[in-house]
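Asker: This structure is in C-alpha cells; I'll ask about it shortly.
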Amino acid sequence: MWDFLALGLRNISHRRTRSILTVIGIFIGIAAVVSLISLGDGLQQVVAGEFQKLGTDKITIMATAGGMMSSPMASEISANPLTDEDVSLIKRVRGVKAVAGMLMKSATLDFKSVKKSGFIYGIPTDENMKMFEDMNSIEIVQGRKFTRTDRNVIIVGSYFATDMFDKKKVKIGDVITVNNRDMRVIGIMKSVGNRMDDSSVYAPMETVRDVFSEPKLLSMIMVQTSPGAEPAEVASAIEKKMRDRRHEKEGEEDFSVSTSEQLMATFSLVFGAVQAVVIGIAAISLIVGGIGIMNTMYTSVMERTREIGIMKAIGARNSDILQIFLIESGILGLIGGLVGITIGAGIAKVAEIAAAQALGSNILKTSFTPELIIGALTFSFLIGALSGIMPARTASLMKPVDALRYE
C-alpha cells in the first residue's frame, strides 16, 4: 500500500501543472462548502446563544397581516391589531407570570440639526420592565433606568450615542427631538454587538403613545410563564383565548404565539433549508472537479500504457493496477480538499471581519469543527477516488501483450 502511495505521489509531482489544473474544481467546491458551513454553524451558535439568554420560559405574540410573516410592524396594518385588551386577556391565562406589551414606531430623530430615521420602542415602566430588559438584553452603563413617572425621556443604544449623528456624541442630559417632541437622554445602554440593537431608542410606553396618537396599539406582547408551567401548553392556551375573543377559526388567526423554543426551531428549519440549497449549488463545482480528475486519469492511463504492460509482465495483478490509479485519483481529490479547506477558512474569516465592520454586528461568526475538516477531507478524497474508478478499471483490464505493443 505504501509503495502504491509513493508511486501515486511521484506520478502527480511529475505532472505538476496538469495536477494543479485538475484539482481547481475540487478546491473551489470544497472552499465554497467549507466557508458556507462554517459561517452557517457560527451563525446558528450565535442565534442559539441569544435564544438561550432569552430563556425557555418566554412566549412572544405578534400580529400577522396582508400575507406578511408575524412581525412587530404587522400590527400597524392589521385589521385586528394587538392592543391592551389582549394583555388583559393574557394575564388571566393559567401559567402566566408576567405580561408586557411593546410599541415600535418609525421616527425622525433630530440631534443638533442632524436628522436621521430610526425606530423608537415604547416599553413598560411598571413591574414588567425587568422582564422586557432581560428579553432584549438591555443593560445601562451610563445614566439610569426609567421610573414609573418618567415622561419625554429616552434610553439609547451605544452606537446611537457615539456614531448615529455624524460622529456628534450623544451624552446624558442631551435632548433628541423625536417627531417634533423633545426628549431628554437619561441612559445609554451597553453594546450588544448588533448595530440594529445598538441604534435603538427606548421611551416610556405612555410617551410613545402620546407622540404617535396610539392610545391602545401594541406591536408585540411578551409573556413569562410561571415556574413549573409548560411554555408550549401556556402558549396553546393563550392562542385559544385570543382566537375565541377575536372569533377566529383555528388556522386562520391574524396573530402568532410562539415559545422561544419554537422560534429557534423555525429559524433552524428555514436556515437549514437555505443553507442546503446554497451548499448544493456550490457543490456543483465538485462534480465538475470530479469530471476533471476522471479526464486526467484517462489521459494518464493512455500515457502509461507501456508502463502498465511492464508492471503486469513482472507480476502485477489487476487489483494492484486498480489500486495504483485509485490511490492516485484519491490523492488528487485530497490535495484539492486541503487547498479548499485553507481557502474556505480564509474566505469565512474575511466575511466575518467584513460583516462586523459593515453591520457593526458580531452575529456572523466562523465555526471550524474537527468534524467539518475531517468530513471535507474525506469527501474530497472520495470524490477523487470515485472519479478514478472507470480509468483505473480500464488500466487494470489491459492485457500485458497489448499494453507492451502500445506506442
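The values are calculated or read from the model by the stated rules, or taken from the named source; none is laboratory data. Just so you know, these numbers come straight off a predicted model, no measurement behind them. Using ideal geometry, Cβ is built from the backbone for each residue, glycine included, and neighbour counts are taken over all protein chains shown.
Asker: Return the only residue of 241, 216 being within 18 Å of residue 87 (Cβ to Cβ), outside the structural domain of residue 63 (by TED's automatic domain parsing) and in contact (Cβ under 8 Å) with a residue 24 or more places away in the chain.
Answerer: On inspection, the qualifying residue turns out to be 241.
Asker: A further question follows. Determine which member of the set 235, 203 is outside the structural domain of residue 143 (by TED's automatic domain parsing), small (Gly, Ala, Ser) and either in contact with a His (Cβ under 7 Å, 6 or more places away or on another chain) or more than 30 Å from residue 353 (Cα to Cα) (or both).
Answerer: 235
Asker: Can you pull out every residue in the range 49-75 that is aliphatic (A, V, I, L, M) and at pLDDT below 75?
Answerer: Selection gives 54, 65, 68, 69, 73, 74.
Asker: Can you find a residue in the range 179-189 that is hydrophobic (A, V, I, L, M, F, W, C), assigned to a strand (DSSP E or B) and either at positive phi or under 26 Å from the mean Cα position of the chain (by Cα) (or both)?
Answerer: Among the residues of the range 179-189, at least one is hydrophobic (A, V, I, L, M, F, W, C), assigned to a strand (DSSP E or B) and either at positive phi or under 26 Å from the mean Cα position of the chain (by Cα) (or both), which makes the answer yes.
Asker: Follow-up. Quickly run through the range 300-322 and pick out the residues that are without any contact (Cβ under 8 Å) to a residue 24 or more places away in the chain and either hydrophobic (A, V, I, L, M, F, W, C) or part of a helix (DSSP H, G or I) (or both).
Answerer: Result: 302, 303, 307, 311, 314, 316.
Asker: To continue, here is another question. Taking residue 221, is it in contact with a Gly (Cβ under 7 Å, 6 or more places away or on another chain), among the hydrophobic types (A, V, I, L, M, F, W, C) and more than 19 Å from residue 106 (Cα to Cα)?
Answerer: In short, no.
Asker: A follow-up question, please. Give me the pairs, please: first residue somewhere in the range 251-280 and farther than 26 Å from residue 136 by Cβ, second residue anywhere and of a type outside the set (S, T, N, Q), beta-carbon distance under 8 Å, and either six or more positions apart or on two chains.
Answerer: Correct list of pairs: 275/36; 275/37; 275/40; 278/36; 279/32; 279/33; 279/36; 279/37.
Asker: If you go through the range 151-170 one residue at a time, do you hit one that is farther than 29 Å from residue 356 by Cβ, among the acidic types (Asp, Glu) and either modelled with pLDDT of 90 or more or within 30 Å of the chain's Cα centre (by Cα) (or both)?
Answerer: No: zero hits.
Asker: Which condition from (1) surrounded by 15 or more Cβ atoms within 10 Å (Cβ to Cβ); (2) in contact with an Asp or Glu (Cβ under 8 Å, 6 or more places away or on another chain); (3) among the basic types (Lys, Arg) is the one that residue 216 breaks?
Answerer: (1)
Asker: Return yes or no: is residue 98 at pLDDT 80 or above and either within 30 Å of residue 284 (Cβ to Cβ) or among the aromatic types (Phe, Trp, Tyr) (or both)?
Answerer: Criteria not met by residue 98.
Asker: Something else: Restricting to the range 257-279, name every residue that is surrounded by fewer than 19 Cβ atoms within 10 Å (Cβ to Cβ) and in contact with a Ser or Thr (Cβ under 8 Å, 6 or more places away or on another chain).
Answerer: Correct list: 261, 263, 266.
Asker: Could you grab me the full set of residues in the range 230-256 that are part of a loop (DSSP other than H, G, I, E, B) and buried (at least 17 other Cβ atoms within 10 Å of the Cβ)?
Answerer: If the condition is that a residue be part of a loop (DSSP other than H, G, I, E, B) and buried (at least 17 other Cβ atoms within 10 Å of the Cβ), then 253, 254 are the ones that fit.
Asker: Out of all the residues in the range 157-176, is one or more assigned by TED's automatic domain parsing to the domain that holds residue 98, surrounded by 16 or more Cβ atoms within 10 Å (Cβ to Cβ), in contact with an Asp or Glu (Cβ under 7 Å, 6 or more places away or on another chain) and among the small types (Gly, Ala, Ser)?
Answerer: Yes, the range 157-176 contains at least one residue that is assigned by TED's automatic domain parsing to the domain that holds residue 98, surrounded by 16 or more Cβ atoms within 10 Å (Cβ to Cβ), in contact with an Asp or Glu (Cβ under 7 Å, 6 or more places away or on another chain) and among the small types (Gly, Ala, Ser).
Asker: To continue, here is another question. Taking residue 259, is it in contact with a strand residue (DSSP E or B) (Cβ under 8 Å, 6 or more places away or on another chain) and not aliphatic (A, V, I, L, M)?
Answerer: So residue 259 fits the description; yes.
Asker: Something else about it: Any residue that is in contact (Cβ under 8 Å) with a residue 24 or more places away in the chain, in contact with an Asp or Glu (Cβ under 7 Å, 6 or more places away or on another chain) and surrounded by fewer than 18 Cβ atoms within 10 Å (Cβ to Cβ) - is there at least one of those in the range 102-123?
Answerer: Yes, the range 102-123 has at least one match.
Asker: Still on this model: Every residue in the range 164-209 that is closer than 17 Å to residue 134 by Cα and among the small types (Gly, Ala, Ser), please.
Answerer: 187, 191, 193, 200, 203
Asker: Yes or no: residue 367 in a helix (DSSP H, G or I) and of a type in the set (S, T, N, Q)?
Answerer: no
Asker: What is the one condition in (1) closer than 30 Å to residue 357 by Cβ; (2) part of a strand (DSSP E or B) that residue 221 does not satisfy?
Answerer: (1)
Asker: Can you name the condition, by its number, that residue 325 falls short on among (1) under 25 Å from the mean Cα position of the chain (by Cα); (2) assigned to a helix (DSSP H, G or I); (3) at pLDDT below 85; (4) not hydroxyl-bearing (Ser, Thr, Tyr)?
Answerer: With respect to (1) under 25 Å from the mean Cα position of the chain (by Cα); (2) assigned to a helix (DSSP H, G or I); (3) at pLDDT below 85; (4) not hydroxyl-bearing (Ser, Thr, Tyr), residue 325 is out only on (1).
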